[in-house]
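Enquirer: This structure is in structure tokens; I'll ask about it shortly.
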Amino acid sequence: MSGIDSDATVTLIGSGLTAIDVLLSLEELGHRGPIHAVSRHGLVPHAHRPLVEQDTEVTVCAHGNGASARRLLHEVRGLVAETESRGGDWRQIVDGLRPLTATLWRSLSEEERRRFRRHLERYWSVHRHRMAPEVANTVDRLTRSGLFRIHAGRLVTVDEISSPPAYRIGVRLRANGALESWLSGWVINCSGPDPNVFTDPRNLLSRLGDRRLARPGPLGLGVATDVDGRLLGCSGRPVEWLWTLGSLRQGDQLESTAVPEIRQQACAIATEVRRFVSRCRRVQQGGKEGMPTVRRGEAGP
């Protein structure tokens, strides 16, 4: 960041929390040039509500068995309307869904998951992953001043030009299909990591896949795991001695990046690892229970 001239035009690809982090970093460095953000929907995260002394308790009763993405959307909207009619806030419903998210996600068929990803995920994300109020105030100030501008559309061209050295950005606007373009001295990718973790043959997960110890998660997101976090091998059976947690489980969990969820996963894995080690020790000591098995084509520990 320190190498970016303070008057340069900067373009951010994405408008989520990563883009907001970059925006704040530039602002703290005294950046004075225009900053553009490009994303398909042009949405930025909502703000957390300032803390209050007492909050209204809300019971979320979402039913996911055989549900569709549309049905869940209507149910959540109904819960929000009911809560707001009592003087509550939509954030209570979104936060109340937090412990149910993985269960609801797993209850959807693959087709409904794809529909959610295509139509609803971005709207869910900006409500679920929010900014601190003071951060939202800074973003609002920079937007009103004209220094920060968000473009809702599809990035179609990034052409390098030599004089002056810059990139010509072309965006097909979502609203009317018009092509908007500008010159940018810097382009920063804020779109997040590639959810397909098997693309690089040199990385660990690709090598585990080659040994049939791992396979892509639902919709190609992360890796496939069972409910305890064990990796599923190519046979579809869990590898008894191999676990993961966090963002690699997003295909199975949807929400798997925040500390509370990762803490719960780590606790569950620690319990399972202890059981696994205990079984192995009993076998070594002459117990009757067989050693943990590895399926044909799945390398052992």
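Enquirer: Considering only the stretch 146-172, how many residues are of a type in the set (Val, Ile, Thr) and either surrounded by 16 or more Cβ atoms within 10 Å (Cβ to Cβ) or in contact with a helix residue (DSSP H, G or I) (Cβ under 7 Å, 6 or more places away or on another chain) (or both)?
Expert: Qualifying residue count for the region: 3.
Enquirer: Next question, about the same structure. How do the pairs read when you match residues in the stretch 24-48 that are farther than 21 Å from Val171 by Cβ with residues anywhere that are of a type outside the set (D, E, K, R) and buried (at least 16 other Cβ atoms within 10 Å of the Cβ), using Cβ under 6 Å and keeping only pairs 6 or more apart or on different chains?
Expert: His46/Val126; His46/His127; Ala47/Met131; Ala47/Ala136
Enquirer: Here is a list: Trp241, Trp186. Which entry is surrounded by fewer than 20 Cβ atoms within 10 Å (Cβ to Cβ), more than 24 Å from the chain's Cα centre (by Cα), touching a residue at least 24 places away in the same chain (Cβ under 8 Å) and under 30 Å from Val158 (Cα atoms)?
Expert: Within the list Trp241, Trp186, the selection yields Trp186.
Enquirer: Please find, among Val44, Val80, the residue that is surrounded by 19 or more Cβ atoms within 10 Å (Cβ to Cβ), touching a Gly at 6+ places or on another chain (Cβ under 9 Å) and either at pLDDT 95 or above or in a loop (DSSP other than H, G, I, E, B) (or both).
Expert: Val44
Enquirer: Can you confirm whether Leu108 is modelled with pLDDT under 95, among the aliphatic types (A, V, I, L, M) and over 19 Å from the mean Cα position of the chain (by Cα)?
Expert: No.
Enquirer: Given Gly185, Gly209, Gly233, Gly217, which one is farther than 27 Å from Ser125 by Cβ and either in contact with an Asp or Glu (Cβ under 6 Å, 6 or more places away or on another chain) or assigned by TED's automatic domain parsing to the domain that holds Trp105 (or both)?
Expert: Answer to the check: Gly233.
Enquirer: Let me ask you something else. If you go through the stretch 127-147 one residue at a time, do you hit one that is assigned to a strand (DSSP E or B), touching a residue at least 40 places away in the same chain (Cβ under 8 Å) and of a type outside the set (S, T, N, Q)?
Expert: yes
Enquirer: A follow-up question, please. Which number in (1) over 18 Å from Arg98 (Cβ atoms); (2) touching a residue at least 40 places away in the same chain (Cβ under 8 Å); (3) surrounded by 17 or more Cβ atoms within 10 Å (Cβ to Cβ); (4) in contact with a Gly (Cβ under 8 Å, 6 or more places away or on another chain) marks the one condition that Ser235 misses?
Expert: All conditions are met except number (3).
Enquirer: Pick out the one residue from Glu111, Glu121 that is without any contact (Cβ under 8 Å) to a residue 24 or more places away in the chain and closer than 18 Å to Gly192 by Cβ.
Expert: Every option except Glu121 fails the conditions.
Enquirer: While we're on this one: Considering only residues that are in contact with a helix residue (DSSP H, G or I) (Cβ under 6 Å, 6 or more places away or on another chain) and of a type in the set (Val, Ile, Thr), which ones fall in the stretch 198-250?
Expert: Listed by number, the residues that qualify are Val223, Thr225.
Enquirer: For the stretch 142-153, state whether one or more residues are more than 22 Å from the chain's Cα centre (by Cα) and aliphatic (A, V, I, L, M).
Expert: Yes, some residue in the stretch 142-153 is more than 22 Å from the chain's Cα centre (by Cα) and aliphatic (A, V, I, L, M).
Enquirer: In contact (Cβ under 8 Å) with a residue 12 or more places away in the chain, loosely packed, with under 11 Cβ neighbours inside 10 Å and in the same structural domain as Val38 (by TED's automatic domain parsing): does that describe Ala175?
Expert: yes
Enquirer: Go through (1) at pLDDT below 95; (2) exposed (fewer than 12 other Cβ atoms within 10 Å of the Cβ); (3) among the aliphatic types (A, V, I, L, M) for Val197 and report which single condition fails.
Expert: (2)
Enquirer: Tell me, which residue of the stretch 244-268 that is surrounded by 20 or more Cβ atoms within 10 Å (Cβ to Cβ) and among the small types (Gly, Ala, Ser) is modelled with the lowest pLDDT?
Expert: Ser256
The values are calculated or read from the model by the stated rules, or taken from the named source; none is laboratory data. Small disclaimer: the values here were computed from a predicted structure and weren't measured. Cβ atoms come from the backbone with ideal geometry, glycine included; neighbour counts cover every protein chain shown.
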